[in-house]
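Here is the structure we will look at, set down as structure tokens.
The values are calculated or read from the model by the stated rules, or taken from the named source; none is laboratory data. Fair warning: this is a prediction, and the values are worked out from it, not measured in the lab. Every residue, glycine among them, receives a Cβ derived from its backbone with ideal geometry; neighbour counts consider all protein chains shown.
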Amino acid sequence: MSKKIVLLNGSPRKNGNTEILADVFIQGAEASGNTVTKFNVGRMKVTGCTDCKYCFTHLGECAKKDDMQEIYKALYDADLLVLASPVYWHGMTAQLKSVIDRMNVSTAKPMPITDAALLAVYGDTDTEAVEATISHYKAIIKYMGWRDCGIVTQSEVMEKGDISGLSSLAAAKDLGNGIQ
């Protein structure tokens, strides 16, 4: 059975290493008959959650009206969520974090998502630099009750295109291909 996948690309860099990795994942997922909706949230206008509790008194509707409204539509029709981000200061980008925080509406109106995956790239040579990002991802999926479908990371990719030819691209394609 095919899945409806939402991929949130947190990189503000157009055609950078994160987007390249995300697009290869999408190729694999679509080749397996899944549908993927990608949002380049790093280039969208999504403000952070202010914990106003409006969503609790309005059946999961958010008080803020920005680009998140388009993302909500896709999330409320998704089976699987993929978080894709470069690692900034040992975490996901602020742009992606804002979208994740705005998913607080799902506390009042649950989303149908059951599965998740993580794609993360970083320039550091220290492979422990991604550990906090992975830990955050695992905390999110545990809290939401989602199943982890996989994590693909790539170190030492600082400049655009550095990821070309690296094994993480095959891993991301395989991960996408394995979604069923």
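Before moving on, here are some points about what is shown:
- Between Tyr88, Tyr54, the distinction of being free of Cβ contacts under 8 Å to residues at least 60 places away in the same chain, among the aromatic types (Phe, Trp, Tyr) and either in contact with a helix residue (DSSP H, G or I) (Cβ under 7 Å, 6 or more places away or on another chain) or more than 27 Å from Asp162 (Cα to Cα) (or both) belongs to Tyr54 only.
- Verdict on Asp77 being closer than 24 Å to Glu19 by Cβ, surrounded by fewer than 21 Cβ atoms within 10 Å (Cβ to Cβ) and in contact with a Leu (Cβ under 9 Å, 6 or more places away or on another chain): no
- All positions within region 1-60 that are over 17 Å from Met92 (Cα atoms), part of a loop (DSSP other than H, G, I, E, B) and among the β-branched types (Val, Ile, Thr): Thr50
- Complete set of residues in region 1-46 that are more than 22 Å from Tyr76 (Cα to Cα), of a type in the set (A, V, I, L, M) and surrounded by fewer than 21 Cβ atoms within 10 Å (Cβ to Cβ): Ala31
- Region 148-169, subset under 25 Å from Met1 (Cα atoms) and in contact (Cβ under 8 Å) with a residue 60 or more places away in the chain, residue farthest from the chain's Cα centre (by Cα): Leu169
- Test: residue in region 27-41 that is hydroxyl-bearing (Ser, Thr, Tyr), touching a residue at least 40 places away in the same chain (Cβ under 8 Å) and closer than 30 Å to Glu128 by Cβ: no
- Within region 108-142, the residues that satisfy the criterion of being in contact with a strand residue (DSSP E or B) (Cβ under 7 Å, 6 or more places away or on another chain) and hydroxyl-bearing (Ser, Thr, Tyr) are Thr114, Tyr122, Thr133, Tyr137.
- Residue that is farthest from Ala29 (Cα to Cα) [pool: residues in region 66-115 that are of a type in the set (Lys, Arg) and modelled with pLDDT of 95 or more]: Arg102
- Filter pass, Val105 being farther than 27 Å from Ala170 by Cα and within 11 Å of the chain's Cα centre (by Cα): no
- Figure legend. Inter-residue proximity from region 60-78: first residues over 21 Å from Thr114 (Cα atoms), second residues of a type in the set (Ser, Thr, Tyr) and not in a helix (DSSP H, G or I), beta-carbon distance below 9 Å, spacing 6+ or different chains. Indicated pairs: Ala63/Thr50; Lys64/Thr47; Lys64/Thr50; Asp66/Thr47.
- The residue that is farthest from Asp101 (Cα to Cα), counting only those in region 47-74 that are within 16 Å of the chain's Cα centre (by Cα) and crowded, with 17+ Cβ neighbours inside 10 Å, is Ala74.
- Unique match (being touching a residue at least 40 places away in the same chain (Cβ under 8 Å), of a type in the set (A, V, I, L, M) and more than 30 Å from Lys65 (Cβ to Cβ)) among Leu96, Leu119, Leu175: Leu175
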